[in-house]
Amino acid sequence: MARVLALDFGKVRTGIAVTDELQLIASGLTTVDTKDLLKFLEDYIKKESVERFVVGLPKQMDNTASESEVLIQDFLKQLSAKFPAMPVERQDERFTSKMAFQSMLDSGIKKKKRRDKALVDEISATLILQAYLNRF
C-alpha cells in the first residue's frame, strides 16, 4: 500500500503528516513554507509512494467556509495541475489547532517549544490525517 499525506494548509506555513504504508498510523512529517510546498511534495513523491492527499477543510462553527478556504481553493487548483492523477480528499479541521496545543501541554512540551507555530501546524496535520483515517 501507499501512504496518505495530509496538509494543514496555511498562508505562511503548511503542516504535513503521513501514514505508514499500511495506512494505520498518522505521524507528523514536517512543516514547510507554503511558497515551497509544491516542490516539497514533488520531491517527497519521488522518494515515497503516496496514494492520496488529504487537505484540511476549515469551517466556521455554523458550517460555513472559513476565510482561508479561498486560499486553499487556489492551492487545490495548483495541486491538481501538478499531480493530475492524485486523488485529493478534504477533512474537517475545526479545533485541530486547539487540540494540537492541548496535546503539546498534555505531553509535557516546554513553554518555549509550545510557542513554535510550525510544531502546532505539524501536529494539526497529524490530527487531520488521524480524523480522516478514523472515518473508515
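The table below lists the values:
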read-out: Whichever lysines have a C-alpha closer than 18 Å to that of K117, once near sequence neighbours (fewer than 8 apart) are set aside; value: K11, K35, K98
read-out: V12 paired with D33, simple spin-label distance in nm, labels 7 Å along Cα-to-beta-carbon; value: 1.3 nm
read-out: Residue order, fewest to most surrounding Cβ atoms within 10 angstrom, among R90, R13, R135; value: R135, R90, R13
read-out: Proxy reagent accessibility, fewest Cβ within 10 Å first, across I45, I16, I72; value: I45, I72, I16
read-out: Region 1-53 - convex hull of the alpha-carbon atoms, volume per residue in Å³; value: 62 Å³
read-out: Point-to-point label distance, Q78-I25, nm (Cα→Cβ direction, 7 Å offset); value: 3.3 nm
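No lab work stands behind these numbers, since they all come straight from the coordinates. Keep in mind that what you see is a predicted model, and the values were worked out from it rather than measured. All Cβ positions, glycine included, derive from the backbone under ideal geometry; neighbour counts span all protein chains shown.
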